[in-house]
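The structure appears below as structure tokens.
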Amino acid sequence: MFLNLLFLTSALLTVGCSVAVLAVKNLMHACVFLLGALIGIAGLYATLGADFVAVTQIMVYVGGVVILMLFAVMLTGGKDHVSKTQKLKSLIPAMGNKTSYLIGCLTALVFFLTQGYLVSKLLGSIEVQKQVDTFSPTVQELGELLITNHVLPFELSSVLLLGALVGAAIIARPRKARPQYEEEAEEHH
Amino acid sequence: MFGLEWYLGISLVLFFVGIAVILSRKNIVAILLGVELILNSAALNFVAYSRFVTQNLDGHIFSLFIIVIAAAEAAVGLAIVIRYFQINNTIHVDEAKELRG
Amino acid sequence: MTNTIAEFFYQFEGFKSLVEGMNPVTVSVLIIIAAGALVTVFMATVGGFGTIAERKISADLQARIGPNRVGPYGAFQLIADGIKMISKEDIFPRDADKFLFYLAPFICVFGVVSTFAVFPFGSGIALSQMNIGVFYLLAISSLVGVGIFLGGYASNSKWSMLGGMRGASQIISYEIPVTLSIMSIIVLAGGLSFESVLASQSGLPHNWYIFHNPFTFIGFFVFFVGGLAETNRAPFDLPEAESELVSGYHTEYTGIRFGLFALAEYMEIFILCGVAATLFLGGYNLPLGVLKGTVPEQFLQFGTILIKTLALYYVVIWVRWTFPRLRVDQLMTICWKYLTPMAIFNLVGCAVWMVAFDGKSMFDLFFGH
Amino acid sequence: MEYTIANVAPIFLAPFFAFALNCLLIKKAPKLVDKVSVLGILVAFVFAIRIAVDFTGVANTDYYIHKVFTWFDLGETFKIDMGIYIDNMGAIMLLMVTGVASLIHIFSTWYMKGDVRYERFFLYMSLFTSAMLGLVLSDNLLSVFIFWEIMGFCSYSLIGFYFEKEKAGYASIKAFMTTRVGDVFFLLGILAIWHTVGSVDFVSIYNAVQAGAFGTTVSFLGMEVGLAAFAGVCIFLGTIGKSAQFPLQVWLPDAMMGPTPCSALIHAATMVAAGVYLSLRMYPMMVAGDLLNLIAMIGGITAFGAATIAMIQTDLKAVLAYSTISQLGYMVLGIGVGSYNAAFMHLITHAVFKACLFLSAGSVIHTVHTQEMPEMGGLRHKMKWTWIAMWCCTLAIAGVPIFSGFVSKDRILGDALYTALHAGLGYKYAVPALLGFLGAFLTPFYMCRMMFLTFHGKPRDQHIYDHAHSEHLKLNQNVPLLILSVFTLGMFFSGSLTGLGKIPAPVVPTEWFKTLVDSPTNNLERFSTYTKQQFGSVDTRENRVLEKTVYDSEAMTGYAGPNPDNKDGLHHAHVEGAIASVVIVACSIFLAFLMYIRGTIDPGKFVKMFSGWVTALKNKYYFDEIYIDVIIQKGLLKFNNFLAYVDMGLYDRYAIDGWEKVSRTLYRASRWFDDNVVDNTVDAFGVLAKTGHAVLRGLQSGLIQIYFIVLIIALAIMTVWINFIV
């Protein structure tokens, strides 16, 4: 029972917040709604018995990614700029007026229905456990899997994280002065 | 009570919301938000299938890797965004076309 | 013996029949509401006493008397403060982001209060016994950073903005040494739950993890200093540095919203001290296994953990009124150049110790068989 | 005692690491260099003592250590082993080298104090000593050759140590080039042995000699030459170069340009000893090649010739240099007459007293700041300790009974006399014996002359005498001299007080030297039982009990030639030889006494009497002139010019220039090909890329969302395809 309650609240939180991310204009608010959606997904993980994944989700997204995004939004002004040369409008129908929105929505609907059909077909073709009630701690088994079957992606992801760390530090580092030759080139123009 | 199809439905909604965010927003940070949503929908799928179909923990492992990759992507992506903003004073995606063919 | 508070009550016959007669949905909702109420009341009390303790102890350290009007020795000052805060006008800055401005204090409080779901006050006195309790506590407490940042941003004030940025970056940075220090304990304990950490710390203080090996001894101080920074306490209280930023991220807040921020801070300090006591100082364990398996033992355990936590709480306040505040660059230097390498060293050292000495503590090695 | 690599290798490695460490220290911490060097050699000395005590302590057994490791391995046919080989001779040699070198190092800290290149001197000394120790430890000719060449380099550096002096520079080049002549032949000999035996380690060579592998002959320049004779001559030529024997002795006197301690090291303990040591190691080869008469001849000529030149020298160090050549001649003579262990004993005794002599000379030179004997005189009042030490050594080298020189040299002379008179070999050996005895007459004379001129009489240059400091007992000046002079007593080597074997000395067992050091030819079969073992932690020392447990002097001929059984003759020869040499020495010393102390006989009278000869002596028998004017100017230079003509006139003009014309033509052809064919092809690719780019660039809009839309449309098409069509 408690699980069902948790599922319902989490699902509502997830869907509602994710739609809000799309709907709201203010980017800062969108980030906060994303936070809500991510917490909801963590709740969904919890209902699936994925305790470690759920807490990792909160740890990484709440403690790291969302704060980074908030920072980025704040540092870049947080506004959706109006493009000076709106080329997309002429290229893609979904980007401009009401008719184009309508066409875009219809395409999306077709796509959505196709996907739904695919999912339902898939569900019919595989054997699905209807009710799985027992939960078991996953941490130890996850740890063993990470250093046995999945050790290569595990090590690769450590390399990836190191690269991301160094890369982010280098990219975002404030540079003191522009190189001499650039200034000289500007003087020529 | 709530089976696999519920989770797949939520995941599908997340996926399309993510695509819509990417398509409709002009701000690079907002596009990154959409990417996060899409990644999470995939991760949710993995865990759901792991719970209801395969009954092992491989799906959890993939979710963990998706989270790791999302974190790395966010760090580098936002660093690039901030740097780009410092140089061009905008993060409008349509303005970023210096490498246009 | 029970594991959680709900089970504790469940062993009484009347409660059991009452619960079994009700709709499961109703029971679930009631349990959630009851647990929330319990935690909120307890935490509010802790936070309130935190403020009064801070004022009394600082007064003592500065040879003053401190609050002494309300109640005996000013002990009811917290009630007066609470009433004052609730009854004050809730001012909202004109250009603020209203949605975020309202949301921020709640996120903060939510982050702190959620940690109490797993905190063990005794062998049966915990809301839940999650098998990844320590990890959960670490994860959920990082919500406080979001709350602080949003509060600072939403106020649309330069001081608040700076305070919020400082707070968020400080919390993100200091999470690393703190997490690494905790991980070294996890390595020794072999589990992510509080129970597994506490299981091997029973008995006299020589079993505590702080005395387990030299690395954990250093690790305790790394954890404690990092925790001070994470809770924005002096000497790391840059987000609310009153000499530079008026009052930091909650400059624009008034009334109960300000009160919520303050409450969150004091509760977080309490949790920090509690976690330090649990991970390093033996937690609720009673020496020599007295009264094992009885209800009085649970109350004694509750007293034990409370005494340890409050002792550390006193140290935190003592530190605040003793040390001057750091500069921002010094703050980052301490985190990245000292605490993080030390924490990594401790982690590696603990892992090596685990392999080399089969996880035995120093006392076991010297005096054991 | 267990032998592992850990307790043998430090003998070589300690000085070598001292050298390596000093290379690093010389710029950063120059004050440590001398200490590191001395420490290194002392460590080696301690290890050498350990080995020597173990080897010589048990008199009736013969140990050896033979351990190898594979240096490099190029398949079955070409595999080179390196290793160590220590037998009794090697153990004694190690003890001598490390002991003498330690004392020389200690002395150097006094002698070289304040020198401009003080640190560099110790650098070279360490490398030099380690090379010598490596040579002694080597188990094969190839590693001997390697260390041999390292020593050649070090001697070059040490002789030219004061390279500001033009003469020192020339002397170093001369020493290097002269020894190089011998080295070339040495290498040739190694190759000949390799060709025959397939291995160059000593034990294999001994086995091959015993198995008669050298019986074959090879055609060399149209002559049929015995292989053993060829290899033996080549290796002996190496000895001639290194040990300064008769045709190639010219470098050694010039080598006195180096600092005196380095002269002591080169001329006493290490380099010149290495030559003789090599000949001793290869003794069975010499016997198999029937070379002993040649060796004896060269030894005799060197011993006598050098002694004559030494008589008229006025330079203190020059006298010692010629005496070194002369004594080396005696050692070679000893090898030539089959007196194997006497030659080795003379090598050891000579190393001790010659090192002492050179160090004493260094002490004198450092005190009076001149090397010319006519400017000295009467120094015994100022340099008491040096005087005592030097007299001990002089008596030793002169062959006075009780002292060590008598023990060793007298045996060589006795054997020479025996081969000349009693061995029934005709008069082939008469000339070397005669020259040996003549040299024995001259040796005490020139040595005593040197002593009388330096220390006795009145000071001839009062100014120099007054400025010389009085000598006090100093740990790094005269204590090494006194230690060395103690070991000039014969009893340490023969075990009897007089050296004649009648009165046994305390402590030292009688005739231990003869018992332990035994000619390989005496029992060649025993080497077939020697085994190589890889380096490891196990004790690989073999304990081989000698068949003759007590030394039998009658069997000691060491000579594998015909009729070695004439025991009476041998005995008689030794007694006669001993008596003759004692008389000769007495006469010689008395003559010197009369000439230079009493002045009864005027040396000038002799100079006048033999004026032509004296001129020849002053010009060192015109060897330098012959080499430079005749061999180099007339022979090598002409040949050189001819080769230059072939190279420049013929080869350059026709082959190189002709090829240049051919390649010029080829170049023109290929340039045409390059310009027309290749370039156009490359351009065509460029045009292709340009065209393709014009088409493809349209897709690169730079608008992320368009990319994404394309992506989504593709995904939709794919989904539809999979669901409804497939």
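None of the figures in this text is laboratory data; all of them are computed from the coordinates on show. Just so it is clear, the structure is predicted and the values come from calculations on it, not from any experiment. No Cβ is skipped: glycine too gets one built from the backbone with ideal geometry, and neighbour counts run over all protein chains shown.
So here's what we get for this one:
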item: Shape box of the stretch C:228-363 [Cα atoms, principal axes, largest first, Å]; result: 51, 40, 23
item: Chain C: DSSP helices with Cα axial extent of at least 30 Å and average Kyte-Doolittle hydropathy no lower than 0.0; result: C:24-61, C:158-189, C:255-280, C:295-320
item: Listed pairs D:Lys35/D:Lys474; D:Lys242/D:Lys354; D:Lys31/D:Lys113; B:Lys26/C:Lys98 exceeding 21 Å between Cα atoms; result: B:Lys26/C:Lys98
item: Estimated [θ] at 222 nm from DSSP helical runs (n ≥ 4, -39500 (n - 2.57)) normalised by residues in the protein assembly as shown, nearest 500; result: -21500 deg cm²/dmol
item: Sequence of C:Ile344, D:Ile295 once ranked by neighbouring C-beta atoms within 10 Å, starting from the fewest; result: C:Ile344, D:Ile295
item: Cβ-Cβ FRET estimate between D:Ile601 and D:Tyr645, R0 fixed at 51 Å, reported to 0.05; result: 0.30
item: Extended-chain gain in nm, criterion 0.36 nm per residue less alpha-carbon gap, D:Arg460 and D:Glu576; result: 37.6 nm
item: Orientation-averaged projected area, Cα convex hull of the protein assembly as shown (nm²); result: 84.8
item: For chain C, size of Cβ-based charge dipole, Lys and Arg +1, Asp and Glu -1, in debye; result: 560
item: Range of Cα positions in chain D per principal axis (Å), largest first; result: 130, 63, 58
item: Distant-in-sequence amide H partners of D:Trp71 (H built 1.01 Å from N, under 5 Å); result: D:Ile80, D:Asp81, D:Met82
item: Two-decimal Rg to Rh for chain C - Kirkwood Rh, Cα set; result: 0.98
item: Beta bridges by DSSP in the protein assembly as shown, antiparallel share as percent, to the nearest 5; result: 90
item: Projected label distance in nm at A:Val110 and C:Ile32, using a 7 Å step from Cα toward the beta-carbon; result: 4.2
item: Point-charge dipole on Cβ atoms (K/R +1, D/E -1) for the protein assembly as shown, about Cα centre, debye to 20; result: 2640
item: Two-site FRET efficiency, A:Glu141 against C:Phe42, from Cβ-Cβ distance with R₀ of 30 Å, rounded to 0.05; result: 0.30
item: Highest to lowest packing among D:668-674, D:585-591, D:105-111, D:485-491, scored as the average C-beta count within 10 Å; result: D:105-111, D:485-491, D:585-591, D:668-674
item: Rounded Å value of the spacing that divides the Cα centres of the stretch D:1-51 and the stretch B:1-76; result: 69
item: Farthest toward positive dipole pole in the protein assembly as shown [+1 Lys/Arg, -1 Asp/Glu at C-beta], among C:Phe299, D:Met447, D:His346; result: D:Met447
item: Relative pair counts by distance (%), Cα atoms of the stretch B:4-92, 10 Å bins; result: 18, 38, 28, 12, 4, 0
item: Estimated dipole of the stretch D:593-726 in Debye, rounded to 20 [Cβ of Lys and Arg +1, of Asp and Glu -1, Cα centre]; result: 680
item: Simple spin-label estimate for D:Thr665 and C:Met22 in nanometres, 7 Å along Cα-Cβ; result: 11.2
item: Where labels lie 7 Å past Cα in the beta-carbon direction, separation of C:Trp321 and D:Lys79 in nm; result: 8.5
item: Using distinct alpha-carbon pairs, which all enter the 1/r mean, Kirkwood radius of the stretch A:1-79 in Å; result: 12.9
item: Per-residue ³J(HN,Hα) for the stretch B:49-65, Karplus 6.51 cos²θ - 1.76 cosθ + 1.60, θ = phi - 60°, Hz, x for Gly and Pro; result: 5, 4, 6, 9, 10, 7, 6, 10, 9, 4, x, 4, 4, 5, 4, 4, 5
item: Positive dipole terminus of the stretch C:1-138, leading residue within C:Leu127, C:Val41, C:Phe12 (C-beta point charges); result: C:Val41
item: Computed E for D:Leu438/D:Cys23 - FRET, C-beta separation, R0 51 angstrom, nearest 0.05; result: 0.60
item: Cβ-based charge dipole, the protein assembly as shown, positive-most Cα from A:Leu118, C:Ser361, D:Thr314; result: D:Thr314
item: Relative contact order (%) - the stretch C:179-303, alpha-carbon pairs under 8 angstrom, separation at least six; result: 31
item: Distribution of pairwise C-alpha distances over the stretch D:296-418, 10 Å bins, in %; result: 14, 42, 30, 12, 2
item: Histogram of C-alpha separations across the stretch B:2-52, 5 Å bin width, %; result: 5, 25, 26, 17, 13, 8, 5, 1
item: Convex hull of Cα atoms in the stretch C:236-278, direction-averaged projection (nm²); result: 3.3
item: Residues of the stretch D:245-274 with amide N under 17 Å of the 7 Å Cα→Cβ point at D:Tyr170; result: D:250-258
item: Neighbour-count ranking [beta-carbon atoms within 10 angstrom, fewest first] of D:Leu475, A:Leu22; result: D:Leu475, A:Leu22
